[in-house]
1. So, how do all the Cα-to-Cα distances of segment 241-325 break down into 10 Å bins, in percent, from 0 on up?
2. Setting aside same-chain residues fewer than 8 positions from K85, which lysines have a Cα under 16 Å from its Cα?
3. Would you list the membrane-span-like helices of the chain, meaning whole DSSP H runs whose alpha-carbon atoms span at least 18 Å along their axis and whose mean Kyte-Doolittle value is at least -0.5?
4. What is the set of long-range amide H partners of A150 at a cut-off below 5 Å, with H atoms built 1.01 Å from backbone N?
5. Hey, what's the per residue convex hull volume over the C-alpha atoms of segment 94-147, in cubic angstrom?
6. Would you list S379, S254 from fewest to most Cβ contacts within 10 Å?
7. Along the principal axes of its C-alpha atoms, what lengths does the chain span, in descending order and rounded to whole Å?
8. If you take every DSSP beta bridge whose two residues both sit in the chain, what share of them, in percent to the nearest 5, is antiparallel?
Amino acid sequence: MSAYDVVIVGGGLIGSSIAFELASEKLRVAVLDRQEPGREASWAAAGMLAPGPDSPEAPALVPLGRESLRLYPEFIAAIEQASGKSTDFTRNGTFEVFRGPQAEIARNKMVAEFHRMGLAAEALSPTEARKQERSLGASTGAVAWLPEEATVDPRLLVEAVLAAAKQNGAEIRANCPVDILLPEGKACAGVICGGRNIAAEHVIIAAGSFCGTIASNAIASADGAHETDRRPQLRQYAPVHPVRGQMLALQSESVQLKKVLRSQHGYLVPRRDGRIIAGSTLENAGFVKEVTPQGVRQILDAALELAPALADAKIVEEWSGLRPGTPDLLPIIGPTDIAGLWLATGHYRNGILLAPATAKIMRNWIVTGKSNFNAESFSPLRFATTVSHAHANRSAT
């Protein structure tokens, strides 16, 4: 039976970043992925590093987002040095675009909110913004300049992080789906993958939208037999669901963006190779990954609203991905009340941004026994407690 200090279930950017940090501490680390690592949500993302709130629930996430953005330059330098690969990390800032008769009011409200949260933001007129991005649409009513925001190419990044983790000694296993957790008394002592027991002192579930497929009905006993699990199931700690996002890559001879353009309807993210990534949809479509005419139209409408000159652009690629959503739209990070079982999932639309901070938090927790960041709001126990209370209430009636 294979044995490790840490087994990480899920080889996306979150899982591979944690593996890189833990392997740097000379721990024996294995990353197990159900397919080719890094080909789910990480592969599909646009790569915006934007810590500002984008929903009513998001302010609780801002401190973690700020910390992760602060860590990014150091994180990128370490990854690129260890892997020898480029990640296309660029800090050119973002133009947040507002339209309509209330554009300036909405922009000023956003700038004030960003300042209150310690985020850099500046009010610009469309004329001032257009001096830097001439493709900005004529219907733009107001612009907020967000100078600290950055971008990265997620596909290059996740490949580099996987290579860096491997270089540090982590073992990366593709096509190794984990279906069942391996118990030892009241603790988690590893996983079962392809019928093989893999022992570990710590098991970190970083499987994104697929967390609910692990140990959903049964748990294996140490001798390989199966029995009904009387303890809470994994989905009680990680009620993660897939949220589909469709994406397009555009190529235009007349539009060469330098900065991210974003509105409430969509965004445009420039790549160094000249492509422009346009997105995205938010769809509850289960685990179906496909691109639809309606989704393409929605993305193109938002893109042309931001930069009308893209009307002559070619669609050079289209794809979709599954973001791991949670009931409160916040990530799930930290230990469960089952010894040896940890979670790092549910990052929804912020997995690329939050990877460095999540990896540092998990490294410190496992290596030192305590967190370097107040992650109480992201505890897996917030859901387990809710489920336990609901079960108790049903039992009392």
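1. Final binned percentages: 19, 51, 25, 5.
2. Hits, sequence-local ones excluded: K166.
3. 62-83, 154-167, 293-306, 351-368, 381-396
4. Hits under the 5 Å cutoff: L49.
5. 57 Å³
6. So the residues, fewest neighbours to most, are S254, S379.
7. Reported extents, whole Å, longest axis first: 69, 56, 40.
8. 70 percent
Only the coordinates and a few stated rules stand behind these numbers; no lab work does. Bear in mind the structure is a predicted one, so any value in this text is a computation, not a measurement. When we count neighbours, we look across all protein chains shown, and the Cβ atoms used for this are built from the backbone with ideal geometry, even at glycine.
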